[in-house]
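Peer 1: Below you will find the structure I want to go over with you.
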Amino acid sequence: MIRKWMIGICLAVMMWVRPAFAHHIIGGVMFYDNIGSDGKGNWRYAIRLRLYRGCEPIDNNHADLDPIAHFTIFDNDRPGTIIQLVSAPLSKRESRRDQHVDPCIVNPPTPCYQIGYYDFTVTLPVNNNGYTVVYQRCCRNDLIVNAFLPRDGATYFVQLPGRATGVLGDNSPRFDREEAILICANSKFSYDYSAVDPDKDSLSYSFAPAYDGAIDNDVAPTKASAPPYQPLPYVAPYSAAFPLGGQVTIDPTTGIISGIAPPAGTYVICVRVNEYRNGKLIGFIFKDFHLDVTNCHRIVTASIPTAFNRCESFTIPFVNNSTPGRSYLWDFGDGDTSTAYSPTHTYSDTGTYLVKLKVDPGSACGDSATSVAKVYPVLKPKFSFNGQCTSAPTLFTDQSSSTSGAIDYWRWDFGTGDTSRQPNPQYQFTQSQNYRVILTVGNNKGCINSDTQQLVIYQAPPISLTPDTDLCYRDTIALPAQTITSGSFSWTPLYNLLYPQSASPLSFARKDTTYFVRFTDQNGCWSIDSIRVRVRDSIHLKAAADTIICTGDPVRLSGISDGRYVYTWRLSSGQIIAHQLDTNYVPASSSTFIVQAQLQSCMAADSMRVKLVDPPVHAPFREFSICYGDAATLEAANAVYYAWSPATTVDQPSQPRTLAHPVDTTLYIVSKIDTMGCPKPTFDSIQVNVIPPVKVFAGNDTLITLGESFMLHGSSNVSGKYTWTPTNGLSDIHIPNPIVTGTHDITYTLTVVTPEGCYGVDSIHIRYLKGPAIYVPNAFTPNGDGHNDVLRPFPVGMVKLDYFRVYNRWGELVFETNQYLQGWDGTYHGKPADPGGYVWVVQAQDERGRTILQKGVAVLIR
């Protein structure tokens, strides 16, 4: 027998590992170099251990690398015998931030770890089976999701060759890649985890179990336990062969791990490398490491199923799980392409096609995915089953068909976690419940499709009977039973019962009787149910009391009976209304309704009178106008109770005739109810249009040169009739701007009346003076009493005021204006001016274009 030698290597490749407590390590690796023989029958080896930790600061939750590592060397010729205990110091520390982070990942974490170097040289006598060098340590990451950690430690070891191997002087293989990578959950990844061999031996790779090790109360034991060592137990759906799930594999030739990553979490993985020389297996090495799968977001991700192989048609709908809102380029493998997100493509012939999808093909962060389309229609999965009782197996029969290839694959999922690969299996269910059974079939063309059915498993076959029923004493009734499977029926007692072995016997009982049925399915499972037949020699029915309703409303037709019968409502004319005891109906006129109850040939009847009453008579919409400030008379009729709204502007809102005082146009609605039996109100509407207040302006009081004519300028905010009074000296009393000719002072009044009769009034006073001239008072009293408060000129016969200026006794200009009837209020620079005399100067243009200049003195009196 050839003794295999092994290198136990644990290297954590963090993406990113989060240590859980003080003694947490993220991996390690042990290997050896052969130094040579000393010529005395001894062999010298350099043993090398590398321990790994994260780059977190050292604290209570993140321990530093151990200053000393303890090794135990066992003699394989004498299992369990310790040859030496060796301690090696930490000789070197390195930090590695090696990474190849995808720039198209948003905010990726930064992998980082530290490496501790522990090396020593040992001289051992050559024996037959060699030696095992062991290092044990606590603890692994307690957040590992794919394995159960009973002791939470790790064991790393290497076996030195003995005479029986025939390869003395060999150097162990080693893993030379010291880098951390980022792996995104549920995304494609590829990681080169190959080893090298200094002697150029050939290597092959596979997943294998990792080993448990030291426990928490002895973190770094000085003496390791003897081999063999306990593998870590994995948690379903993971295993040592599939530590990252069924979508991740390792290439046996290159050592590249690739596939679709599992959900986010920390996973323990062990890679085994078999070493061959001249085609002969001479040993193997293994490496376990902790791998963090991270939730990360790529800017663009291409994702499609790995195969489209349902083989249902030449036409395939292609599913796209890629980043939405991007550009897409599909290549269907037959020369056709598409830029749709999820296209449907029809192939012209059978075959296997390589499908490619590019997402954002012109972008640096674009992504691509490939798949295989199997076009071999039609693969149609189908199955049947027999037996649904827990006391006997259920027999499943494959009824699938394939027109383009032979079916050579079956997988049954019974909904319990159990499966079968047989074409026609039988399976014993132990609990009564509904199961989702799936049959997946495949053919030799690579097509795979599934059929799913719901299977009801019972301890006793379910049976359904009608509710307990009534029977007219002179009739016969059927007693139907329903089941979900086939079987036999047996009814008891046989009293007045026909066909007692059928699913629906006939009873002509003449007294109350309870019948029992026993149903037995094809597997011998049985159940019992019962139904009671109540025999009636008469039945009773009473309709609801007569009622009054509003015309157009539905009436509730109802009654009371002493059983469950067949009911019929009809009018006295014979017209059928309904076939239930309680129903709604809208009668067209006052009517008598007849209800009939029937139990086979037994019958009963009663009647109900419904009287229709019209609601109060509805009055048509009305509209009228009032002047602002006037009251409106509101009137309604044909009712007993009234309610006006809005009620806030109504004097008596509950009376049929009342006054309203709206300030704006208002729609008044009155609710009317009478006492004739219909409680439904009728609503009438009246709109009152309020004419806005009439504003009239006759003009400002004015001065007119004696002997001259003058045009008045009246105005209003409404269109209406103009009337000036008195008529003396007016050219037309019914226009806004009549001509005035007079010789003495007069006051004219202007009245404007709207078509609705609303009106407004204003007046203007006209004073005649000799002119053309400008009149200026010789004194004024600006005390705010409203009399003589302003010093201003009064032009007579002037058409334009050039200016009016006031000077104080020092010649300073204290006021100036060219606006008609504006004047000085006795202030200067915002303060009251001193009492005394002030010089004024005024200049204007008369009607003939002559310039009139006047000067004078006015006294300011306080």
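Peer 1: Which condition from (1) over 60 Å from the mean Cα position of the chain (by Cα); (2) over 15 Å from H765 (Cα atoms); (3) not hydroxyl-bearing (S, T, Y) is the one that N717 breaks?
Peer 2: Unmet condition: (1).
Peer 1: In addition: Pull up the range 746-758, narrow it to residues that are in a strand (DSSP E or B) and polar (S, T, N, Q), then point me to the one that is surrounded by the most Cβ atoms within 10 Å (Cβ to Cβ).
Peer 2: Taking the range 746-758 first, the residues in a strand (DSSP E or B) are 746-753.
Cutting the leftovers down to polar (S, T, N, Q) gives us 747, 749, 751.
Values: T747: 13, T749: 14, T751: 20.
Step by step, filter the range 746-758, then rank; the result is T751.
Peer 1: Next question. I'd like the residue in the range 52-91 that is in contact with an Asp or Glu (Cβ under 8 Å, 6 or more places away or on another chain) and outside any strand (DSSP E or B) and, out of all such residues, is surrounded by the most Cβ atoms within 10 Å (Cβ to Cβ).
Peer 2: Across the range 52-91, the extreme among qualifying residues is L90.
Peer 1: Taking the range 298-357 only, how many residues are touching a strand residue (DSSP E or B) at 6+ places or on another chain (Cβ under 9 Å) and more than 28 Å from P381 (Cβ to Cβ)?
Peer 2: Residues meeting the conditions: 19.
Peer 1: List the pairs whose first member sits in the range 321-339 and is within 16 Å of P361 (Cβ to Cβ), whose second member is open to solvent by 30 Å² or more (accessible area, probe 1.4 Å) and small (G, A, S), and whose Cβ atoms are under 8 Å apart, counting only residues at least 6 apart or on separate chains?
Peer 2: Final answer for the pair search is S322/S303; S327/G362; Y328/A340; W330/A340; T339/S327.
Peer 1: From the list R510, R534, R518, which one is in contact (Cβ under 8 Å) with a residue 40 or more places away in the chain and open to solvent by 50 Å² or more (accessible area, probe 1.4 Å)?
Peer 2: On the way: R510 fails: in contact (Cβ under 8 Å) with a residue 40 or more places away in the chain; R518 fails: in contact (Cβ under 8 Å) with a residue 40 or more places away in the chain.
After ruling out the rest, the residue left standing is R534.
Peer 1: Let me ask another. With surrounded by fewer than 15 Cβ atoms within 10 Å (Cβ to Cβ) and either over 60 Å from the mean Cα position of the chain (by Cα) or in a loop (DSSP other than H, G, I, E, B) (or both) as the only criterion, which of V740, V761 stands out?
Peer 2: Working: V740 fails: surrounded by fewer than 15 Cβ atoms within 10 Å (Cβ to Cβ).
Every option except V761 fails the conditions.
Peer 1: May I pose another question? So T741 ticks every box in (1) within 22 Å of I704 (Cα to Cα); (2) hydroxyl-bearing (S, T, Y); (3) at pLDDT 95 or above but one. Which box is left unticked?
Peer 2: In the conditions (1) within 22 Å of I704 (Cα to Cα); (2) hydroxyl-bearing (S, T, Y); (3) at pLDDT 95 or above, T741 misses (3) alone.
One line per residue, one yes/no per condition, for (1) modelled with pLDDT under 95; (2) open to solvent by 70 Å² or more (accessible area, probe 1.4 Å); (3) out of contact with any helix residue (DSSP H, G or I) (no Cβ under 9 Å at 6 or more places or on another chain); (4) at positive phi:
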{"residue": "G707", "(1), (2), (3), (4)": "yes, no, yes, yes"}
{"residue": "S719", "(1), (2), (3), (4)": "yes, yes, yes, no"}
{"residue": "G729", "(1), (2), (3), (4)": "yes, no, yes, yes"}
{"residue": "P772", "(1), (2), (3), (4)": "yes, no, yes, no"}
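Peer 1: Oh, and also: May I ask you to list pairs of residues, at least six apart or on different chains, whose Cβ atoms are under 6 Å apart, with the first in the range 382-398 being without any contact (Cβ under 8 Å) to a residue 40 or more places away in the chain and over 15 Å from G487 (Cβ atoms) and the second being small (G, A, S) and surrounded by 14 or more Cβ atoms within 10 Å (Cβ to Cβ)?
Peer 2: Matching pairs, first to second residue: L395/G387.
Peer 1: Would you confirm whether any residue within the range 168-186 is of a type outside the set (A, V, I, L, M), within 17 Å of I285 (Cα to Cα), assigned to a strand (DSSP E or B) and touching a Lys or Arg at 6+ places or on another chain (Cβ under 8 Å)?
Peer 2: Checking the range 168-186: not a single residue is of a type outside the set (A, V, I, L, M), within 17 Å of I285 (Cα to Cα), assigned to a strand (DSSP E or B) and touching a Lys or Arg at 6+ places or on another chain (Cβ under 8 Å).
Peer 1: Another question about this same structure. Take the residues of the range 381-403 that are among the polar types (S, T, N, Q) and assigned to a strand (DSSP E or B): which is farthest from I463 (Cα to Cα)?
Peer 2: Looking only at the range 381-403, we keep the residues that are among the polar types (S, T, N, Q), and these are 384, 386, 388, 390-391, 394, 397, 399-403.
Of the ones still in play, those that are also assigned to a strand (DSSP E or B) are 384, 386, 394, 397, 401-402.
Values: S384: 22, N386: 18, T394: 19, T397: 25, S401: 34, S402: 38 Å.
By that ranking, first place goes to S402.
Peer 1: Could you check S187 against (1) farther than 21 Å from V133 by Cβ; (2) in contact with a Gly (Cβ under 7 Å, 6 or more places away or on another chain) and say which number it fails?
Peer 2: S187 satisfies all of (1) farther than 21 Å from V133 by Cβ; (2) in contact with a Gly (Cβ under 7 Å, 6 or more places away or on another chain) except (2).
Peer 1: Which of the numbered conditions does L124 fail, given that it passes all the others? Conditions: (1) over 23 Å from A195 (Cα atoms); (2) buried (at least 23 other Cβ atoms within 10 Å of the Cβ).
Peer 2: Condition (2) is where L124 drops out.
Peer 1: Same structure again: Scan the range 818-855 residue by residue and report those that are surrounded by fewer than 14 Cβ atoms within 10 Å (Cβ to Cβ) and of a type in the set (G, A, S).
Peer 2: G830, G836, G837, G849
Peer 1: Suppose we filter the range 432-446 for residues that are over 20 Å from R310 (Cα atoms) and either open to solvent by less than 80 Å² (accessible area, probe 1.4 Å) or of a type in the set (V, I, T) (or both); how many remain?
Peer 2: Here the count works out to 2.
Peer 1: Are any residues in the range 405-423 farther than 14 Å from P381 by Cβ and either small (G, A, S) or in a loop (DSSP other than H, G, I, E, B) (or both), and if so, which ones? Quick ask: steps written out before the conclusion?
Peer 2: Going through the range 405-423, the residues farther than 14 Å from P381 by Cβ turn out to be 406, 414-422.
Within the range 405-423, A406, F414, G415, T416, G417, D418, S420, R421, Q422 meet the criteria.
Peer 1: Residue pairs, Cβ under 6 Å, 6 or more apart or interchain, first in the range 180-195 and without any contact (Cβ under 8 Å) to a residue 12 or more places away in the chain, second of a type in the set (K, R) and open to solvent by less than 20 Å² (accessible area, probe 1.4 Å). List them.
Peer 2: none
Peer 1: Which condition does A226 not pass, out of (1) of a type outside the set (D, E); (2) farther than 29 Å from Q84 by Cα; (3) open to solvent by less than 50 Å² (accessible area, probe 1.4 Å); (4) more than 52 Å from the chain's Cα centre (by Cα), if it passes all the others?
Peer 2: (2)
Peer 1: Return a yes/no flag: does the range 206-215 have any residue that is in contact with a helix residue (DSSP H, G or I) (Cβ under 8 Å, 6 or more places away or on another chain) and either open to solvent by less than 40 Å² (accessible area, probe 1.4 Å) or assigned to a loop (DSSP other than H, G, I, E, B) (or both). Walk me through it before giving the result.
Peer 2: If we filter the range 206-215 for residues that are in contact with a helix residue (DSSP H, G or I) (Cβ under 8 Å, 6 or more places away or on another chain), which is where we start, we get none.
Looking through the range 206-215, none of the residues is in contact with a helix residue (DSSP H, G or I) (Cβ under 8 Å, 6 or more places away or on another chain) and either open to solvent by less than 40 Å² (accessible area, probe 1.4 Å) or assigned to a loop (DSSP other than H, G, I, E, B) (or both).
Peer 1: In addition: Are any residues in the range 399-427 without any contact (Cβ under 8 Å) to a residue 40 or more places away in the chain, surrounded by 16 or more Cβ atoms within 10 Å (Cβ to Cβ) and within 19 Å of G442 (Cβ to Cβ), and if so, which ones?
Peer 2: Step one: of the range 399-427, the residues without any contact (Cβ under 8 Å) to a residue 40 or more places away in the chain are 399, 401, 403, 406-414, 416-427.
When the remaining residues are screened for being surrounded by 16 or more Cβ atoms within 10 Å (Cβ to Cβ), the result is 407, 410, 412-414, 420, 423, 425, 427.
Hits for the range 399-427 are I407, W410, W412, D413, F414, S420, P423, P425.
Peer 1: Sort through A543, A604, A619 and tell me the only one that's within 24 Å of C678 (Cα to Cα), crowded, with 16+ Cβ neighbours inside 10 Å and at pLDDT 95 or above. Walk me through it before giving the result.
Peer 2: Working: A604 fails: within 24 Å of C678 (Cα to Cα); A619 fails: at pLDDT 95 or above.
Of A543, A604, A619, the one residue that is within 24 Å of C678 (Cα to Cα), crowded, with 16+ Cβ neighbours inside 10 Å and at pLDDT 95 or above is A543.
The values are calculated or read from the model by the stated rules, or taken from the named source; none is laboratory data. Computed from a predicted structure; not experimentally measured. So basically every Cβ, Gly included, is an ideal-geometry build from the backbone, and we count neighbours across all protein chains shown. In case anyone asks, the SASA skips ligands and DNA or RNA and just uses the protein heavy atoms, side chains included. Shrake-Rupley method; radii C 1.70, N 1.55, O 1.52, S 1.80 Å.
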